[in-house]
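Undergrad: Below is the structure I would like to discuss, written out as structure tokens.
The values are calculated or read from the model by the stated rules, or taken from the named source; none is laboratory data. Bear in mind the structure is a predicted one, so any value in this text is a computation, not a measurement. Cβ sites come from the backbone with ideal geometry, for glycine too, and all protein chains shown count toward neighbours.
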Amino acid sequence: MTEGYAGDRSPADTYAALKNEPGAVLVDVRTVPEWQFVGVPDLAPVSKEPLFVEWQAYPEMKINEGFAAAVAAKGVSQDQPVYLLCRSGVRSKAAAKALTAAGFQACYNILEGFEGNADGDGHRGNVGGWKHAGLPWRQQ
């Protein structure tokens, strides 16, 4: 266990796990506007759908105190591997710790998140993350 959760995984390793582990789920913890305007992982190629539960509610960015219950309400059991995704890997790490504290056994933070860190010009999506790794994604 790493710092209160199962550990970190790269976007590529996460995609492979989602493809090869029948019970593995991806929970996108970003905000509704991020899902709507930035895009979301497309898991159709691995016959799955990401789950969407905000870790922090937009626009106040207040932590969702009901986060673990909301994940469970989506049908996720405490013994399933849970891969958590945010923009850059910060919120998803906090969410992984919270789920682990709530009794979920295998919670992983996805390194670099969906967009990765900002490049020298302040733009995301060019340095790391799900999109930069060339993994499937779509805009709603």
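Undergrad: Can you pull out the residues in the range 100-119 that are more than 21 Å from TRP35 (Cα to Cα), in contact (Cβ under 8 Å) with a residue 60 or more places away in the chain, of a type outside the set (S, T, N, Q) and not in a strand (DSSP E or B)?
TA: Hit for the range 100-119 is ALA101, nothing else.
Undergrad: From PRO45, PRO22, which residue is in contact with a Pro (Cβ under 6 Å, 6 or more places away or on another chain) and of a type outside the set (Gly, Ala, Ser)? Step through it out loud before you land on a result.
TA: Numbers: PRO22 fails: in contact with a Pro (Cβ under 6 Å, 6 or more places away or on another chain).
Answer to the selection: PRO45.
Undergrad: Touching an Asp or Glu at 6+ places or on another chain (Cβ under 7 Å), free of Cβ contacts under 8 Å to residues at least 12 places away in the same chain and either crowded, with 23+ Cβ neighbours inside 10 Å or within 23 Å of VAL32 (Cβ to Cβ) (or both), is that true of GLY89? Step through it out loud before you land on a result.
TA: On the way: touching an Asp or Glu at 6+ places or on another chain (Cβ under 7 Å): yes; free of Cβ contacts under 8 Å to residues at least 12 places away in the same chain: no; either crowded, with 23+ Cβ neighbours inside 10 Å or within 23 Å of VAL32 (Cβ to Cβ) (or both): yes.
So GLY89 fails the test.
Undergrad: Would you confirm whether any residue within the range 55-65 is within 22 Å of PRO136 (Cα to Cα) and part of a loop (DSSP other than H, G, I, E, B)? Give the steps one after another, and end with the answer.
TA: Step one: filter the range 55-65 for residues within 22 Å of PRO136 (Cα to Cα), giving none.
No, that holds for no residue.
Undergrad: Determine whether PRO22 is closer than 25 Å to GLY122 by Cβ and either out of contact with any Cys (no Cβ under 9 Å at 6 or more places or on another chain) or not in a strand (DSSP E or B) (or both). Step through it out loud before you land on a result.
TA: Values: closer than 25 Å to GLY122 by Cβ: no; either out of contact with any Cys (no Cβ under 9 Å at 6 or more places or on another chain) or not in a strand (DSSP E or B) (or both): yes.
No.
Undergrad: Cβ-Cβ under 6 Å, sequence separation 6+ or interchain: first residue in the range 121-140 and outside any loop (DSSP other than H, G, I, E, B), partner among the aromatic types (Phe, Trp, Tyr). Which pairs?
TA: Pairs found: none.
Undergrad: Any residue in the range 54-72 that is crowded, with 21+ Cβ neighbours inside 10 Å and in contact (Cβ under 8 Å) with a residue 60 or more places away in the chain?
TA: No.
Undergrad: Pairs needed: first member in the range 6-26, of a type in the set (Lys, Arg); second member anywhere, part of a loop (DSSP other than H, G, I, E, B) and modelled with pLDDT of 95 or more; C-beta distance under 8 Å; at least 6 residues apart or different chains.
TA: Final answer for the pair search is ARG9/LEU111.
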